[in-house]
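Trainee: The following block contains the structure, expressed as structure tokens.
The values are calculated or read from the model by the stated rules, or taken from the named source; none is laboratory data. Small disclaimer: the values here were computed from a predicted structure and weren't measured. Cβ coordinates were reconstructed from backbone atoms using ideal geometry, including for glycine residues, and neighbour counts include every protein chain displayed.
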Amino acid sequence: MRIKCPLCGERDRREFYYLGAKDYLTRPEESNLDAMHKYLHIRENPCGLTEDLWQHEAGCRAWLLIERNTATHEIFKVELVNNKKDSK
Amino acid sequence: MRYNALKILKEGLTGNKNWKPVWREPEPKSEYDVIIIGGGGHGLATAYYLAKNHGITNVAVLEKGYIGSGNVGRNTTIVRANYMIPGNSEFYSHSLKLWETMESELNYNAMHSQRGVINLFHSDGQRDAAARRGNMMISQGDDAILLDRDGVRKELPYLDFDNHRFPVYGGLFHKRGGNARHDAVAWGYARAADQLGVDLIQKCAVTGIDIVNGKVTGVQTSLGPIRGKKVAIVVAGRSSEVAAMAGLEVPIESHILQAFVSEGLKPAINHVVTFGMGHFYISQSDKGGLVFGGDLDFHASYSQRGNLPMMEHVMEAGMSLMPAIGKAKVLRSWGGIMDMTPDGSFIIDKTEVENLYMDCGWCYGGFKAIPASGWCMAHLMAEDKPHEVAKKHTFDRFRTGVGLMDEESKGSQHNLH
């Protein structure tokens, strides 16, 4: 698997750290225990299209939101999480 | 039909013409007391122990492929009881005891071989950790011997003991550990369950789970609807997908784990050996192939084929530990779908839907657990309360944070196990 970092270009998968589902982008209030449980543990875990968070750890260290297919290793879109946040 | 030596001799002399299929291939009935979704090791063992221990025989096992086509036929076949955390410790201890009597009970040769598992260590710190683990294993009633360097040399003369980066300091020897013929475990439980009246329905994919007023009433399948008083989801890597049919969201992320088999070689590796400084473990099958594997690829995946970086890591680790295997050719490799939980331990529990149960989250350690998983799942479904050795393995531990079983002390987070 190779991932095309928006800043560094196409790089080996080894340079990237996988964090998990994009749920991590929407952190709930910590006092809301049910929401925190869902945020930390419960996953949709789809077979097919998914969006998840990766970091170009051994490169520019940018956090990336990657749209990919979990059944085929196909990668459709790689975006900087920072841009994503600004647009909201 | 029970197997015995006389029967084998007779069939051998008469052209092996009178062997019968070992289980029936029934049409599904319209209703069962228990429907088990998933005809893998855990599902089949659950069906068997429901019938054997609890007298519940009106049971169907629904398998979308064929019996043994899932992870039970695609793993590295290791059986051991060297866990350390309360909860896992007593469960795997129970499982190993069941392994030791399973073949005679099922009247089926699963080629269970207690050849011993040796976990190597390569530093003083690792030796302390191994000694502690060994003491925990002995205190839970299992066996462990702390081998020094010479002790390891006696058992495993082929290792590179003086590797400059990772010299071998010793190993923790778990003699009752070993491995088994994985397919035969599925076949043995399938045959025994069938003989007790369980219907094994192959090529029957579940497409929906029927729920009325919060209570499960049956399933929709590719062979039509089947009513069931109780339903179990025992589908390993596909747990999230099947749970979603019941509107449930589960704390599982499916990851890929690779394994490799070499060409057949003469007996060389007589134990299960694990490297302590890279993710690599190896044993040799009775056919002669070296069976070895490594760690997860570490990203959510259903692809059933791995990536090259982990493959390279496994080969490098293997070459560091036992350079002799560099002469062998790798024949095949594959990736299995692992149902990973945040804390790396499994779940055997009721769900929010009444009479719907789940046995899942086996991470990369499901094979050794097959007998005890079936035993405890059957107990939960028959008695409607958890079995003593699996009572800690609930869904709720993630919500509350109480009773997490984080065997690797990494934290309760999906991408860490």
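Trainee: Residues of region A:43-75 being in contact with a strand residue (DSSP E or B) (Cβ under 7 Å, 6 or more places away or on another chain) and among the aliphatic types (A, V, I, L, M), which ones?
Mentor: A:L49, A:L53, A:A62, A:L64, A:L65, A:I66, A:I75
Trainee: Quick one: which strands (runs of 3 or more DSSP E) sit completely within region B:54-160 and have at least 1 residues that are touching a residue at least 24 places away in the same chain (Cβ under 8 Å) and out of contact with any helix residue (DSSP H, G or I) (no Cβ under 8 Å at 6 or more places or on another chain)?
Mentor: Numbers: elements: B:59-62, B:117-121, B:145-148.
Filter on region B:54-160 gives B:59-62, B:117-121.
Trainee: Within region B:311-325, does at least one residue satisfy the condition of being within 22 Å of the chain's Cα centre (by Cα), buried (at least 22 other Cβ atoms within 10 Å of the Cβ) and either within 13 Å of another protein chain (Cβ to nearest Cβ) or in contact (Cβ under 8 Å) with a residue 24 or more places away in the chain (or both)?
Mentor: yes
This table checks each residue for (1) under 27 Å from A:H41 (Cβ atoms); (2) away from chain A (no Cβ under 14 Å); (3) part of a loop (DSSP other than H, G, I, E, B).
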{"position": "B:A232", "(1), (2), (3)": "yes, yes, no"}
{"position": "B:S240", "(1), (2), (3)": "yes, no, no"}
{"position": "B:A244", "(1), (2), (3)": "yes, no, no"}
{"position": "B:H255", "(1), (2), (3)": "yes, no, no"}
{"position": "B:V261", "(1), (2), (3)": "no, yes, no"}
{"position": "B:I269", "(1), (2), (3)": "no, yes, yes"}
{"position": "B:M277", "(1), (2), (3)": "no, yes, yes"}
{"position": "B:I282", "(1), (2), (3)": "no, yes, no"}
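Trainee: In region B:55-111, which residues are β-branched (V, I, T) and closer than 24 Å to B:R397 by Cβ? Talk me through it step by step, then tell me what you get.
Mentor: Step one: filter region B:55-111 for residues β-branched (V, I, T), giving B:56-57, B:59, B:61, B:67, B:72, B:76-79, B:85, B:101.
Of everything in region B:55-111, just one residue is β-branched (V, I, T) and closer than 24 Å to B:R397 by Cβ, namely B:I85.
Trainee: Okay, moving on. If you go through region A:8-37, how many residues are more than 7 Å from chain B (Cβ to nearest Cβ) and either exposed (fewer than 13 other Cβ atoms within 10 Å of the Cβ) or without any contact (Cβ under 8 Å) to a residue 12 or more places away in the chain (or both)?
Mentor: Kept after step one, since they are more than 7 Å from chain B (Cβ to nearest Cβ), are these residues of region A:8-37: A:8-12, A:15-17, A:21-36.
Still in the running and either exposed (fewer than 13 other Cβ atoms within 10 Å of the Cβ) or without any contact (Cβ under 8 Å) to a residue 12 or more places away in the chain (or both): A:9-10, A:12, A:26-36.
Final tally of qualifying residues: 14.
Trainee: Identify the residue in region B:64-88 that is at pLDDT 95 or above and of a type in the set (D, E, K, R) and, among all such residues, is surrounded by the most Cβ atoms within 10 Å (Cβ to Cβ).
Mentor: B:R80
Trainee: Do we have any residue at all in region A:43-59 that's closer than 22 Å to B:D297 by Cβ, touching a His at 6+ places or on another chain (Cβ under 7 Å) and more than 12 Å from chain B (Cβ to nearest Cβ)? Explain how you work it out, then say what you get.
Mentor: Step one: list which residues in region A:43-59 are closer than 22 Å to B:D297 by Cβ, which gives A:43-59.
Then keep just the ones that are touching a His at 6+ places or on another chain (Cβ under 7 Å); that gives A:43.
Next, only the ones that are more than 12 Å from chain B (Cβ to nearest Cβ) stay: none.
No; the residues of region A:43-59 include none that is closer than 22 Å to B:D297 by Cβ, touching a His at 6+ places or on another chain (Cβ under 7 Å) and more than 12 Å from chain B (Cβ to nearest Cβ).
Trainee: Just one of the numbered conditions (1) in a loop (DSSP other than H, G, I, E, B); (2) within 30 Å of B:T394 (Cα to Cα); (3) of a type outside the set (V, I, T); (4) within 13 Å of another protein chain (Cβ to nearest Cβ) is not true of B:G306; which one?
Mentor: (2)
Trainee: Right, next: Out of (1) assigned to a strand (DSSP E or B); (2) within 28 Å of B:I35 (Cα to Cα), what's the single condition that is false for B:P386?
Mentor: Of (1) assigned to a strand (DSSP E or B); (2) within 28 Å of B:I35 (Cα to Cα), only one is false for B:P386: (1).
Trainee: Next up: Could you list all residues from region B:1-47 that are among the β-branched types (V, I, T) and in contact with a Lys or Arg (Cβ under 7 Å, 6 or more places away or on another chain)? Even if it seems obvious, please write down each step before you answer.
Mentor: From region B:1-47, those among the β-branched types (V, I, T) are B:8, B:14, B:22, B:34-37, B:46; that's our starting set.
The answer is B:V22, B:V34.
Trainee: Any idea which of A:L65, A:L80, A:L49 is exposed (fewer than 13 other Cβ atoms within 10 Å of the Cβ), at pLDDT 95 or above and hydrophobic (A, V, I, L, M, F, W, C)? Working first, answer last.
Mentor: Values: A:L65 fails: exposed (fewer than 13 other Cβ atoms within 10 Å of the Cβ); A:L80 fails: exposed (fewer than 13 other Cβ atoms within 10 Å of the Cβ).
After applying the criteria, what remains is A:L49.
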